[in-house]
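Structure first, commentary second.
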Amino acid sequence: MDYSAAIDAALNRLHEEGRYRTFIDIERRCGHFPRAIWRTPEGAERDIVVWCGNDYLGMGQHPVVLDAMEEALRCTGAGSGGTRNISGTTIYHKRLEAELADLHGKEAALLFTSAYIANDATLSTLPKLFPGLIIYSDALNHASMIEGVRRNGGAKRIFRHNDVAHLRELLEADDPAAPKLIAFESVYSMDGDFGVLAEICDLAEEFGALTYLDEVHAVGMYGPRGAGVAARDRLAHRIDIINGTLGKAFGVHGGYIAASARMADAIRSYAPGFIFTTSLPPAVAAGAAASVRHLKGDDELRARHQENAAALKLRLKGLGLPIIDHGSHIVPVHVGDPVHCKQISDMLLESYGIYVQPINFPTVPRGTERLRFTPSPVHDGPMTQHLVSALDELWSHCALNRAELSA
């Protein structure tokens, strides 16, 4: 086989479809984010504003986080030195797990190197604990959940997104005695819509199923103390396993699950993705714990975040842009074509100093390509005005070009 030719063919397909992904080389500047420096392909440096980051609240530059990380770094050095089982468990890891368990009102929490790994490792391990387990997964669940369900070797059922009637049909068709788990999300990151938590919890109780909720795009931002949508809706006690991230609203790195002490102990003891992975650096754990602790009491930051998101959506609606608004902090603007989506993204960056990454297949279905904006409390009024003006100009320009091409 000509391996080089096969690689070239695979990459060429992406280029031909207009969905080849390009890394934008940026340097965040502490104290100035969302401003950053973009290093162009020619080597020049330009000031830009990042509008697509997942550091939703700007906690990656918060003094309480930086101070905690610096202190832990001075005390312990850079890395953890091993897996959690072999020298990689420190007081910083234990403190962070205690903060997370308290945040969600659960008996225990278990750290992973990312929320992706937490989902994959946990969902792929559960059938070892519950032989014959059937997992019912929302059709729009994150790739990490899909991978965990796929790899576990057990039975799976995919229900249409947020369709509890379809979920009921699937539950009714299976053996009532079989162990069951329903996996779903609280905020779906590409459309910004909310999961139907209460209805799913009702079905889970009716059919004797466990519940597994991904709160990655909600922790820190929703609910009392930033505990997520389940806490906001007073449903956290009905969720058996909560998955969250430390790399978005908390501004650091890592992922976790929160559950009963016995469930966490079982995952800790059986999941290869936990057992054989070097643990988070202590400084990262210290910074994350400081962020979680701070956000438990910063309702003003959460309120400002929601206000900025609502203001941007209102401005874009006023322009007549096809935004998708489900009431969350995520602001997707529908483009519907990978080439045009990349074109607008490139023009925003090159002509206006605005960085927003195009979202194409397979992250979203073909024909639903979009620009996904994530306003934060650190995006100020002039930044928002600049973005709105740029989109107003570019949308008209690109619409005219599309009309000419189709004529």
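The values are calculated or read from the model by the stated rules, or taken from the named source; none is laboratory data. Source: prediction; values computed, not measured. Here the Cβ is made from the backbone with ideal geometry for all residues, glycine too, and neighbour counts use every protein chain on show. Areas reflect the complete protein model, heavy atoms only, side chains present, ligands, DNA and RNA absent. Shrake-Rupley method; radii C 1.70, N 1.55, O 1.52, S 1.80 Å.
Amide H contacts under 5 Å for Ala178: none, restricted to partners 5 or more places along the chain or on a different chain, H placed in the peptide plane at 1.01 Å from N. Using the Karplus relation 6.51 cos²θ - 1.76 cosθ + 1.60 with θ = phi - 60°, the per-residue 3J(HN,Hα) values for region 264-281 come to 4, 5, 5, 5, 4, 8, 10, 7, x, x, 9, 4, 9, 10, 4, 6, 4, x Hz, with x marking Gly and Pro. Close amide H contacts of Ala209 (hydrogens built in the peptide plane, cut-off under 5 Å, sequence separation of 5 or more or a different chain): none are found. The string of couplings for region 254-261 from the Karplus curve (6.51, -1.76, 1.60, θ = phi - 60°) is x, x, 6, 10, 10, 6, 5, 4 Hz, one whole number per residue in order, with x for Gly and Pro. Counting only alpha carbon atoms, the long axis of helix 63-76 and the longest principal axis of the chain meet at about 60°.
Mean separation of Cα pairs under 8 Å and 6 or more residues apart, divided by the residue count, gives region 198-353 a relative contact order of 15 percent. Pairs from the list Lys180/Lys313; Lys156/Lys296; Lys248/Lys342; Lys296/Lys342; Lys156/Lys317 with a Cα-Cα gap above 29 Å: Lys180/Lys313; Lys156/Lys296; Lys296/Lys342; Lys156/Lys317. Once the Cα atoms are used to define both axes, helix 3-17 deviates from the longest principal axis of the chain by about 60 degrees. Listed peptides 314-320, 68-74, 101-107 appear in the order 101-107, 68-74, 314-320 once ranked by packing, highest mean of other Cβ atoms within 10 Å at the front. Using a probe of 1.4 angstrom and keeping all protein chains present, the accessible surface of the chain works out to 44 square angstrom per residue. Put simply, when 294-300, 323-329 are sorted by average Cβ atoms within 10 angstrom per residue, most first, you get 323-329, 294-300. By accessible area, using a 1.4 Å probe on protein heavy atoms only, region 121-237 has 54% of its surface on carbon and sulfur. To the nearest ten degrees, helix 381-406 and the longest principal axis of the Cα atoms of the chain are 70 degrees apart. For Lys156, nonlocal amide neighbours, meaning residues 5 or more places apart or on other chains whose placed amide H falls under 5 Å from its own, are Ile135.
The accessible area of His386, taken with all protein chains in place and a 1.4 Å probe, comes to roughly 80 Å².
Computed from backbone phi with θ = phi - 60° and the Karplus coefficients 6.51, -1.76 and 1.60, the 3J(HN,Hα) list for region 361-377 is 4, x, 5, 10, x, 4, x, 10, 4, 8, 9, 10, 9, 10, x, 10, x Hz; x is used for glycine and proline.
Translational diffusion coefficient of the chain (Stokes-Einstein, Kirkwood radius from Cα pairs, 25 °C, 0.890 mPa s): 109 µm²/s.
Surface composition of region 281-386: carbon and sulfur make up 57 percent of the accessible area, probe 1.4 Å.
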